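Just so it is clear, none of the values below were taken in a lab; they were calculated from the coordinates. Since this is a predicted model, take the numbers as computed values, not measurements. All Cβ positions, even for glycine, are placed from backbone atoms using ideal geometry, and neighbour counts span all protein chains on display.
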Amino acid sequence: MNEQILVSPTDLMGDGVFETLHLRPSGPWLFDQHLDRLARSAELLGLPPPPPVTPPAGQTGVMRIIYTRTVFHVSVAPIPDQVLRERRDGVRVLSADLGVAVGRQPPWSLSAAKSLSYAGNFAARRWAARNQADDVIWTAIDGSVLEAPTASIVWLSGDELGTVPWERAGILPGITAAHLLSLAPSVGLRPVRRMLTLDELATADAIWLASSVRGLAEVVTLDGVTRPRSSWTDRLLTLLGF
């Protein structure tokens, strides 16, 4: 049965926040971390603290929480085939200059909030599809790597497992990426959070897009250059419980 969500005109303009979680039989994965980020996003938009959420259990799928000035809605849907395919087969990625300086967003920027203003994010992925790719890696005007439209960037260089420091870059904090780095020492890897350029990223042993439902999608081509598959992909997905 289709559910109808009643929204106000301001909601339709993106005046709200959301979280997307991987729903596992044991419950929503990294549930508390997602609720904390939802609360931080709401605060950036001047919304009151979100209402409490009762986590569903015994299901597998995509759990989405939408919070606006008029609506608080929790839904569950099947995991899209495309997400499963990208987790299994990897993604072809193009880089694109976002036209911003690192950490120099305007004071009203919501780049650190997971707001409903996702038109630009989806437009970037449609642009990638028109150019025979699956996704985009956004860069700053100095060539520094930032994030993907719906994912964090994670890379492996030697024994270094890294991601972009969201505080310095002014981007959305990546929950899956942070959790993966916290587990890195258990498999002999050194977690690092640092800025790097696109040229440096291209020399990494492996690159992934990290997000809650996708887990990790390995970058198999970057700007048209084919990359060898990494044996670490399956190991890290297993480490994350996928």
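Figures for the structure shown
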{"quantity": "Built amide H within the under 5 Å cut-off of Gln105, gap 5+", "calculated": "none"}
{"quantity": "Tensor-based shape of the range 9-79 (alpha-carbon gyration tensor, a/c under 1.5 rounded, otherwise prolate or oblate)", "calculated": "prolate"}
{"quantity": "Exposure proxy order (Cβ contacts within 10 Å, fewest to most) of Tyr118, Tyr67", "calculated": "Tyr118, Tyr67"}
{"quantity": "Amide H contacts under 5 Å for Asp97, placed H, 5+ residues apart", "calculated": "Thr139"}
{"quantity": "Cα-based convex hull, the range 62-180, per residue volume (Å³, whole number)", "calculated": "143 Å³"}
{"quantity": "The chain - convex hull of the alpha-carbon atoms, volume per residue in Å³", "calculated": "131 Å³"}
{"quantity": "P(r) weight above 15 Å for the range 125-167, C-alpha pairs, percent", "calculated": "53 percent"}
{"quantity": "Charge dipole of the chain about the Cα centre (unit charges at C-beta), most positive-ward option of Pro48, Pro165, Ser144", "calculated": "Pro48"}
{"quantity": "Gained length - Thr221 relative to Ala57, 0.36 nm times residue gap less alpha-carbon distance", "calculated": "55.3 nm"}
